[in-house]
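Below is one structure, written out as structure tokens; comments come after it.
The values are calculated or read from the model by the stated rules, or taken from the named source; none is laboratory data. Note that the structure is a prediction, hence the values are computed from the model and not measured. Every residue, glycine among them, receives a Cβ derived from its backbone with ideal geometry; neighbour counts consider all protein chains shown. Note: areas computed on protein heavy atoms with side chains; ligands, DNA, RNA excluded. Shrake-Rupley method; radii C 1.70, N 1.55, O 1.52, S 1.80 Å.
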Amino acid sequence: MFRQLEGSQAIAETVAMCRPEVICAYPITPQTHIVEGLATLVKNGTLSPCEYINVESEFAAMSVAIGASAAGARAYTATASQGILFMAEAVYNASGLGLPIVMTVGNRAIGAPINIWNDHTDSMSMRDAGWIQLYAETNQEAADLHILAFRLAEEISLPVMVCVDGFILTHAFERVDMPTQEQIDSYLPPYAPRQLLDVDEPVTIGAMVGPEAYTEVRYLAHHRQMDALELIPRLSAEFRETFGRDSGGLLHTYRTEDAETVVVSLGSVNGTIKDVIDEFRDEGVRIGAISICSFRPFPMESLRVALAGVRRVVTVEKSLAIGLGGNVAPEVREALAGMGISVATIIAGLGGRAITRSSLRGVFRDAVEERLPPLTFLDLDLDLVHRQLERERADRRSGPAAESMLKDLGAVASRVG
Amino acid sequence: MEAATNGQTVGPARVRFYQTGTFTVGNRLLDVSVQSVQSDPRRNNSLNSGHRACQGCGEALGARYALDAAMRATKNRIVVANATGCLEVFSTPYPESSWRVPWLHSLFGNAPAVATGIAAALKVKGKDDVRVVAQGGDGGTVDIGFGCLSGMFERNDDVLYICYDNEAYMNTGVQRSSATPAGAKTNTTPGVGEEPGNVFGQGKSVPLIAMAHGIPYVATASVADLRDLEYKVQKAMGLHGARYIHVHVPCPLGWGSAPSDTIRVARLAIESGLFPVFEAEWGEVTGRRRIRDLVPAQAYLEAQGRFRHLFGKHPDTRRIAWIQDIANRNIRRFGLLDEGVQS
Amino acid sequence: MFQVRIHGRGGQGVVTAAEMLSVAAFLEGRSAQAFPSFGSERMGAPVMAFCRIDTREIRLREPIADPDALIVQDPTLLYQASVFEGLSPEGFLLVNSGRDPESLGIGEVLARLPAGHMVAVPATELALEHVGRPLPNAVLLGAFCALTGAVGLESLAKAIRDRFPGDVGERNVGAARAAFELVASKGSGMEGAARHVQTA
Ligand SMILES: Cc1ncc(C[n+]2csc(CCOP(=O)(O)OP(=O)(O)O)c2C)c(N)n1
Ligand code: SF4
Ligand SMILES: [Mg+2]
């Protein structure tokens with residue numbers, strides 16, 4: 001049934017219909033509305049049986065989920081930003097143990113400087129933690145990916161992170177075709193753990209592994225993710241049969257047929273990109289877009305197929321690998337090695353800076369006209385940076401950089417965008 | 001600043017203003033030695049006006065008094081480490097910082113450890129006269145920062161840690177912390193279902209846990225008695241080693257109380273016995289604030305929207321009685337009605 | 001596409017207003033997207049919320065820099081230059097004020113807008129009268145329906161009841177209706193707006 005509701009509410013209700021048995025909640029903006037929504041659904045009896053645990057930190061959140069999952073319960077939590085860093089040790093542990101936990105990340109920047117707005121730095125910091133990472137483009141997909149995530153996680157015994165752009169999706173009211181309990185029940189069977197803390201059949205979970213087998217255990221995790229490359233499209237096809245719509249998959253293509261230039265991105269920004277692509281197409285420019293849904297495992301082969309014949313790729317990325325450039329572009333380059341396709345990176349939307357059509361138009365135009373440098377920072381105020389560098393040259397004790405730069409800008413609280 | 005009247009005192013010199021029946025917050029007409037810090041026109045205004053806290057924010061009030069008192073006690077030589085939370089967020093959007101002290105915000109859960117680092121640096125640099133204050137909300141203190149806090153206590157690091165307890169995670173929009181009282185509604189303990197609001201447990205008293213570390217000084221205080229808060233901060237700054245002050249600070253937004261009722265609500269918490277005000281040295285209780293006009297717990301609860309589901313057409317008498325029991329236990333445990341205790 | 005930007009202060013229900021507006025448009029079978037200005041502001045601080053309405057799927061995720069309509073929930077915000085930023089020359093302006101528009105000191109802005117595209121409504125007073133609380137958001141939406149015709153009053157009433165079940169909802173609907181009548185009686189640019197939405 002179509003409903004107009006907040007992204008977080010759509011996610012909460014969908015997660016509840018996936019019948020998680022243990023939910024670990026810890027507040028952090030912009031994910032909080034999701035666990036608040038779940039709190040109500042548990043407390044008013046809609047979701048039952050379910051233990052809703054208000055933990056004392058994100059480290060505890062993931063740790064409680066680990067214990068619950070190993071003891072045979074379907075476990076769920078959500079976090080963002082500082083929270084995912086605080087739980088980092090347990091994030092690696094959950095995947096190392098092969099526990100099918102599902103976690104929503106309401107994507108947000110990382111401090112310092114503290115910033116509550118959207119970008120992808122948080123989930124990118126965990127991209128090599130062994131979790132599957134799926135990025136949602138719309139709130140419809142955000143809700144749907146959770147159903148897929150539980151199924152996928154449990155089928156291959158790996159945890160799955162569903163990455164949802166903070167505020168832009170989590171706090172947006174839009175139309176979502178809400179699944180029914182019957183649909184979800186028919187798609188998602190009850191959790192049958194591969195390993196279980198069981199008094200009748202005692203096992204040891206989490207043993208120390210030395211050099212003799214550590215590589216093999218790690219390789220096994222890699223192997224599982226490679227399997228997921230096949231499984232994700234299959235589960236997405238099944239999803240379409242059950243729910244009647246496309247969600248998930250490894251990647252989405254948009255007007256890439258005959259394209260010379262293709263813009264690659266993750267998450268909700270693809271919506272704005274599509275609008276700009278349409279404008280260019282109206283002018284006859286052969287340009288298209290790809291949004292990567294599954295960033296881990298990384299869809300090397302699918303990208304190669306989708307980009308065959310393309311001349312250039314531009315990645316629009318919401319995280320910065322400081323000292324290198326993009327996080328996505330190097331992986332795209334590796335996928336396209338030997339195909340003679342140039343890859344340029346645009347770093348955009350850091351800490352919630354609006355990614356506007358007009359700015360995208362400019363860089364896409366540059367790309368099409370072969371003027372785009374390998375690394376571009378969208379709407380960067382270089383003057384502000386230079387003023388700070390000047391201060392630092394002039395005075396050894398120039399003070400805290402972020403504060404000085406804000407002082408230069410003056411009050412900006414009421415600015416649009 | 002010790003009171004002259006009574007050996008068992010916990011407060012500053014008390015001056016009764018019988019015409020109003022209240023303790024005043026200091027007065028410029030009094031002798032300089034008994035004036036409050038806030039009545040001093042040369043006070044530091046450590047947390048200056050113009051910040052973005054809500055109207056009636058207890059935390060803003062408590063922090064202002066506490067830090068000004070710490071500044072006076074140290075002749076303006078303090079450095080402050082602040083945990084993430086309302087206090088940090090409403091005071092800092094640059095270029096409008098409200099802090100007139102050297103101030104560092106690092107993370108949500110590490111303020112005690114950051115303060116330890118500051119103290120260590122000051123020591124190694126020979127800056128013996130500069131003192132360290134760390135502060136955070138209840139979430140930053142009793143939940144996520146608790147491990148670091150206990151470590152700081154156990155090492156007896158030279159830090160005064162002040163917790164502003166508004167009994168929930170307010171900065172993120174009112175979620176439960178382990179300082180949230182039984183029965184209170186928050187957004188993660190909604191007022192629905194058979195047992196609406198927060199679970200009924202025995203609670204978690206970090207002041208008592210701090211005392212179990214055997215540190216030199218532990219105290220509780222409230223914005224309902226700001227003169228007492230100033231006194232305790234000044235006393236703590238006269239000591240070295242790990243010190244802890246836990247301040248009860250109503251939050252109109254999270255508690256569903258009127259902004260103009262902040263002090264009244266805080267006072268009802270004291271007068272009902274639900275928030276015991278006491279101090280302890282080296283793990284022993286050495287003083288307590290006597291209840292002057294005992295009120296039933298209900299009077300406190302009814303002043304706040306977060307307990308509304310306990311009342312209405314069918315009052316939840318069982319759970320109201322449970323809360324009253326908590327108050328009674330506090331009264332017995334800390335001797336809050338005992339004769340001879342200063343009031 | 002019809003784009004609305006709402007300015008107000010934290011605690012005034014600015015975000016709720018944008019959300020209810022999007023629900024009203026949804027009930028009329030259109031696509032709608034509402035989102036806040038994403039701040040960490042406390043009660044009383046200036047805040048913004050946005051709402052887009054279209055007959056097609058809305059994919060755009062940028063904040064609204066070129067609104068077709070502005071709702072200003074707190075008249076003290078009128079004197080922040082950025083409030084009017086990007087307002088379409090054919091746009092609408094709705095201000096919560098009991099004063100005569102001419103006396104609000106925004107003559108320059110008024111001069112730019114077509115006749116009948118600006119209206120001031122004493123929304124706080126109406127809210128106090130009908131709801132008993134000084135929350136102007138639903139009231140202004142009633143006025144917005146009359147001023148722009150972007151959504152119908154009945155859909156709005158449904159959206160309000162959806163958000164505030166029971167008595168509070170009914171009172172808010174009553175207040176919104178009163179504001180609608182007030183603006184309708186003044187005569188407004190409804191026709192133009194209806195065209196605007198359809199051609200979007
Ligand atoms: C590791 C981490 N988790 C979560 C957060 C989000 N967060 C910031 S402030 C806050 C709540 C603060 O509550 P409290 O300490 O009680 O202070 P208050 O705002 O109530 O004064 C939370 C959950 C964070 N910043 N870092
Ligand atoms: S939410 Fe509460 S603690 Fe935070 S600023 Fe407002 S009143 Fe103070
Ligand atoms: Mg708190």
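A few remarks follow.
- Most tightly packed first, judged by the mean number of other beta-carbon atoms within 10 Å of their residues, the peptides A:79-90, A:130-141 read A:130-141, A:79-90.
- When both bridge partners sit in the stretch B:202-342, DSSP labels roughly 55% of those beta bridges antiparallel.
- Anisotropy class assigned to the stretch B:160-200 is oblate, per the alpha carbon gyration tensor with a/c at or over the 1.5 cut-off and a/b no larger than b/c.
- Separation between Cα centres of the stretch A:240-312 and the stretch C:1-80, rounded to whole Å: 30
- Spherically averaged projected area in nm², based on the convex hull that wraps the Cα atoms of chain A: 23.5
- Members of the stretch A:1-17 that become less accessible by 40 Å² or more once partner protein chains are added (1.4 angstrom probe, chain alone as reference): A:Gln4
- Per residue of B:139-145, other chain Cβ atoms within 10 Å of the residue Cβ number 3 on average.
- Anisotropy class of the stretch A:251-377 from Cα gyration tensor, a/c 1.5 cut: rounded
- Cut-off under 5 Å, modelled amide H: who pairs with A:Asn327 long-range: A:Ser319, A:Ala321
- Computed over protein heavy atoms with a 1.4 angstrom probe, the accessible surface ordering of C:Phe26, C:Phe144, largest first, is C:Phe26, C:Phe144.
- Largest GNM mean-square fluctuation across C:Leu21, C:Leu70, C:Leu128, computed for chain C with C-alpha springs under 10 Å, falls on C:Leu128.
- Qualifying GluC sites (Glu not before Pro) in the stretch A:346-417, where qualification requires a DSSP coil assignment and no more than 13 other C-beta atoms within 10 Å, comprise A:Glu369, A:Glu370.
- Estimated [θ] at 222 nm from DSSP helical runs (n ≥ 4, -39500 (n - 2.57)) normalised by residues in chain A, nearest 500: -13000 deg cm²/dmol
- Drop in accessible area of at least 40 Å² in the complex versus isolated chain, residues of the stretch A:243-288, 1.4 Å probe: A:Thr272, A:Asp275
- Averaging 1/r over every pair of different alpha carbons in the stretch C:2-199 and inverting the result gives a Kirkwood radius of 16.3 Å.
- Bridgeable lysines around C:Lys158 (alpha carbons under 25 Å apart, same-chain partners fewer than 8 residues away excluded): C:Lys186.
- Protein-only accessible surface at a 1.4 angstrom probe places the residues A:Arg397, B:Arg72 in the order A:Arg397, B:Arg72, largest first.
- Bins of 5 Å, starting at 0 and running to the largest distance - Cα pair percent for the stretch C:25-139: 2, 10, 18, 21, 20, 17, 10, 2, 0
- At q = 0.10, 0.17, 0.21, 0.23 Å⁻¹, base-10 log of I(q)/I(0) for the stretch B:127-240 (Debye sum, equal scatterers on each alpha carbon): -0.35, -0.90, -1.20, -1.33
- Ratio of the Cα radius of gyration of the stretch A:307-359 to 2.2 N^0.38 Å, where N counts its residues: 1.24
- Placed amide H near B:Ser257: partners under 5 Å, 5+ positions off or other chain: B:Gly305
- Share of carbon and sulfur in the accessible heavy-atom surface of chain B [1.4 Å probe, %]: 52
- Contact order, relative form, for the stretch A:2-243: 24 percent (alpha carbon pairs under 8 Å, 6 or more residues apart, mean separation divided by residue count).
- Using equal-weight Cα scatterers in the Debye expression, the normalised intensity of the protein assembly as shown in log10 at q = 0.10 Å⁻¹ is -1.30.
- Orientation-averaged projection of chain B equals 17.0 nm² [convex hull of Cα atoms, one quarter of hull surface area].
- The listed residues C:Ile160, B:Ile326 rank as B:Ile326, C:Ile160 when sorted by accessible area, largest first, using a 1.4 Å probe.
- Sequentially through the stretch C:10-21, phi angles give Karplus couplings (6.51, -1.76, 1.60; θ = phi - 60°) of x, x, 8, x, 5, 5, 4, 4, 4, 5, 5, 4 Hz, Gly and Pro residues having no value and appearing as x.
- Surface composition of the stretch C:2-199: carbon plus sulfur atoms hold 53% of the accessible area, using a 1.4 angstrom probe and ignoring ligands, DNA and RNA.
- Area buried, chain A against chain B - accessible surface, total, 1.4 angstrom probe, square angstrom: 1900
- Only Cα pairs under 8 Å and 6+ residues apart enter the sum, and on that basis the relative contact order of chain B stands at 17 percent.
- Counting only the Cα atoms, the stretch B:290-343 fills a convex hull of 80 Å³ per residue.
- Counting only protein heavy atoms and a 1.4 Å probe, chain A has 40 square angstrom of accessible area per residue.
- Highest-fluctuation residue, B:Ala303, B:Ala113, B:Ala321 considered, GNM on chain B with Cα pairs under 10 Å: B:Ala321
- Helical runs (DSSP H, four residues minimum) scored at -39500 (n - 2.57) apiece and divided by the length of chain C put the mean residue ellipticity at 222 nm at -12500 deg cm²/dmol.
- Calculated P(r) of the stretch A:2-243 - Cα pairs past 25 Å, %: 37
- Taking all protein chains together and rolling a 1.4 Å probe, C:Thr16 ends up with roughly 30 Å² accessible.
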